[in-house]
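The values are calculated or read from the model by the stated rules, or taken from the named source; none is laboratory data. This is a predicted model, so every value here is computed, not measured. Note that we place each Cβ from the backbone using ideal geometry, even for glycine, and neighbour counts take in every protein chain shown. Just so you know, the surface numbers come from the protein's heavy atoms only, side chains and all, with ligands and any DNA or RNA stripped out. Shrake-Rupley method; radii C 1.70, N 1.55, O 1.52, S 1.80 Å.
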Amino acid sequence: MSSVQPAETNTMRKYQLFIDGQWVDAESGKTFTTPNPSTGETLAEVAEADKADIDKAVAAARRALEGKWSKISARDRGRMLYKLSQLIEQHATELAQLETQDNGKPIRESLFVDLPQVAENFEYFAGWATKIEGETIPVPGDMFNYTLREPVGVCGQIIPWNFPLLMAAWKLAPALAAGNTIVLKPAEQTPTTAMELGKLIQEAGFPDGVVNILPGYGETAGAALASHPGIDKIAFTGSTEVGKLIARAAADNLTKVSLELGGKAPNIVFADADIEQAVNGAMMGIFFNQGQVCCAGSRLFVEERVKDQFLSSLKEKAEKIKVGDPLDKATLMGPQVSCEQLDRIKSYVGYARDEGATVLSGGGSPQLDEGFKNGYFFQPTIFSDVSNSMRVAQEEIFGPVVSVITFKDEDDLLKQANDTIYGLSAGIWTRDIVRAHRFAKEIHAGVVWINTYNMFNAASPFGGYKQSGYGREMGKHALEMYTQVKSVWVDLSGKPIGWFGK
Ligand code: ADP
């Protein structure tokens, strides 16, 4: 089996659109290129979908939904998902290499974090396919009332570039388990692994049109999908700004929407914490995936009493992080995904200085080996003397940049921690279990980590409060987003109907 193109190939990769089980050019004939962010060189040429292609894909997804897919048993849906998870495991090395080449994330992350979780999500939801059930309701009288839990229908799914394959898995797996059909639009920065996934989806036996994958730009292909009257649901992961556009576009057709958006997570270190563990957790919270994580612990609250000890350790460790060739297994941080992201991060260094914060560490370009000088690298960066009202504490930077805010007491801390438009995640480091659980209850966030950070499992729900979005991905909660409930009433009496029957 060699359906995944090996990552080492020297010839330029080319990808077409995946519509109705066929690999086709865009109607316009247009293509775009995706660079390798560690070198700036072109990695692949990809067909560029636009409205006409989205129309074709939505029609194919509708035919599949009403045709072959609806006749396939839940067991067979589960088996296909399970087969897909196995194919992903078999091709994990090539997929991880390609993910690293397209996104820039270190190979140790793509190989040991992203790919295993991609496979895990398909495997987990394979199990759910046969367990999606209705209920019988104890209604009074000679009546029988039961519910059917049915697929929502044709789902548009728009995903970001920070975890390209994993975001595809979070979206596709529950939708397929529940019997939906899909039009997936990967991010224009990182389309390649989704196209490779398309080949494995074919190999796993999903009928034509059940999954359609259309790379293209957000403003064109993405917007056409979000506003399409032929889709029943739109699922989106990305920035809060674009999330609002999606919700508006969907409103005209009252398309169902789920959104997983930005964050500005408080990661809180109390003086009674295991400080070295908290330092490691703070690093994991912000430098993992170059800080391009919606739940990144980008507001680091440190109790005043341990500030000096904590910050000197954090600075020392941050300065030892190996930044460079993401295909090198020893590398801990690769490049940012794009030149635009790099520029955005740099601009926040200026805002921090202007508002009176201190650049304690980093703040610029790292020393790089020959061959990586055109890559989009940025140093692990720590801002201290930050107050919660500054831009660097309120706006999502999406880079390896942490803002350190000190606090004296718990009440003040909680107020500040909740003083944000976002509510995706939060972390707390303390040995006081009462405080830890009190905090978990009082923080306004969809995920809380206690003495750990960035933990995920396919069985555990993930999603945001406030402007971090709505709906929950993973776990049984994800099935809520991809099913709808029908209530069925049956008369068991055989008697004339109420007063009209008299
Ligand atoms: P970022 O700002 O981090 O690049 P975005 O939220 O812009 O993240 O992108 C996430 C996904 O949303 C990508 O697939 C992108 O193409 C898509 N997108 C961007 N703008 C729009 C839009 N106006 N309508 C629909 N999708 C969009």
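Quick look at the values:
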{"item": "Identity of the residue in segment 222-239, among the aliphatic types (A, V, I, L, M) and part of a helix (DSSP H, G or I), that ends up surrounded by the most Cβ atoms within 10 Å (Cβ to Cβ)", "result": "225"}
{"item": "Criterion: among the β-branched types (Val, Ile, Thr), touching a residue at least 12 places away in the same chain (Cβ under 8 Å) and not in a helix (DSSP H, G or I) - qualifying residue of 349, 359", "result": "359"}
{"item": "Matching residues in segment 162-185 - criterion: being part of a loop (DSSP other than H, G, I, E, B), surrounded by 24 or more Cβ atoms within 10 Å (Cβ to Cβ) and more than 14 Å from the ligand (Cβ to nearest atom)", "result": "178, 180"}
{"item": "Segment 298-327: number of residues that are without any contact (Cβ under 8 Å) to a residue 40 or more places away in the chain and open to solvent by less than 10 Å² (accessible area, probe 1.4 Å)", "result": "0"}
{"item": "Residue within segment 363-374 that is within 16 Å of the ligand (Cβ to nearest atom), touching a residue at least 40 places away in the same chain (Cβ under 8 Å) and surrounded by fewer than 17 Cβ atoms within 10 Å (Cβ to Cβ) present", "result": "no"}
{"item": "Options 205, 198, 218; residue that is surrounded by fewer than 21 Cβ atoms within 10 Å (Cβ to Cβ), among the small types (Gly, Ala, Ser) and out of contact with any Gly (no Cβ under 9 Å at 6 or more places or on another chain)", "result": "205"}
{"item": "Qualifying residue in segment 456-474 (condition: in the same structural domain as residue 174 (by TED's automatic domain parsing), touching a Pro at 6+ places or on another chain (Cβ under 9 Å) and more than 16 Å from the ligand (Cβ to nearest atom))", "result": "yes"}
{"item": "Any hit, segment 429-451, residues being within 19 Å of residue 285 (Cβ to Cβ), over 22 Å from the mean Cα position of the chain (by Cα), part of a strand (DSSP E or B) and not assigned by TED's automatic domain parsing to the domain that holds residue 239", "result": "yes"}
{"item": "Single condition residue 242 does not satisfy, out of (1) open to solvent by 10 Å² or more (accessible area, probe 1.4 Å); (2) β-branched (Val, Ile, Thr); (3) in contact with a Pro (Cβ under 6 Å, 6 or more places away or on another chain)", "result": "(3)"}
{"item": "Residue, surrounded by the fewest Cβ atoms within 10 Å (Cβ to Cβ), within segment 97-123, restricted to residues that are at negative phi and not in a helix (DSSP H, G or I)", "result": "106"}
{"item": "Residue within segment 194-216 that is within 20 Å of residue 86 (Cβ to Cβ), touching a residue at least 24 places away in the same chain (Cβ under 8 Å) and within 11 Å of the ligand (Cβ to nearest atom) present", "result": "yes"}
{"item": "Near pairs, Cβ below 7 angstrom, 6+ apart or cross-chain, from segment 68-96 (assigned to a helix (DSSP H, G or I)) to any residue that is modelled with pLDDT under 95 and surrounded by fewer than 22 Cβ atoms within 10 Å (Cβ to Cβ)", "result": "90/1; 94/6; 94/7"}
{"item": "Residue count, segment 44-55 (criterion: surrounded by fewer than 21 Cβ atoms within 10 Å (Cβ to Cβ) and not small (Gly, Ala, Ser))", "result": "4"}
{"item": "Residue tally, condition β-branched (Val, Ile, Thr) and under 30 Å from residue 101 (Cα atoms), over segment 374-421", "result": "6"}
{"item": "Set 188, 133, 219: member being part of a loop (DSSP other than H, G, I, E, B), of a type in the set (Asp, Glu) and within 12 Å of the ligand (Cβ to nearest atom)", "result": "188"}
{"item": "Test: residue in segment 3-21 that is hydroxyl-bearing (Ser, Thr, Tyr), modelled with pLDDT of 95 or more and closer than 28 Å to residue 179 by Cα", "result": "yes"}
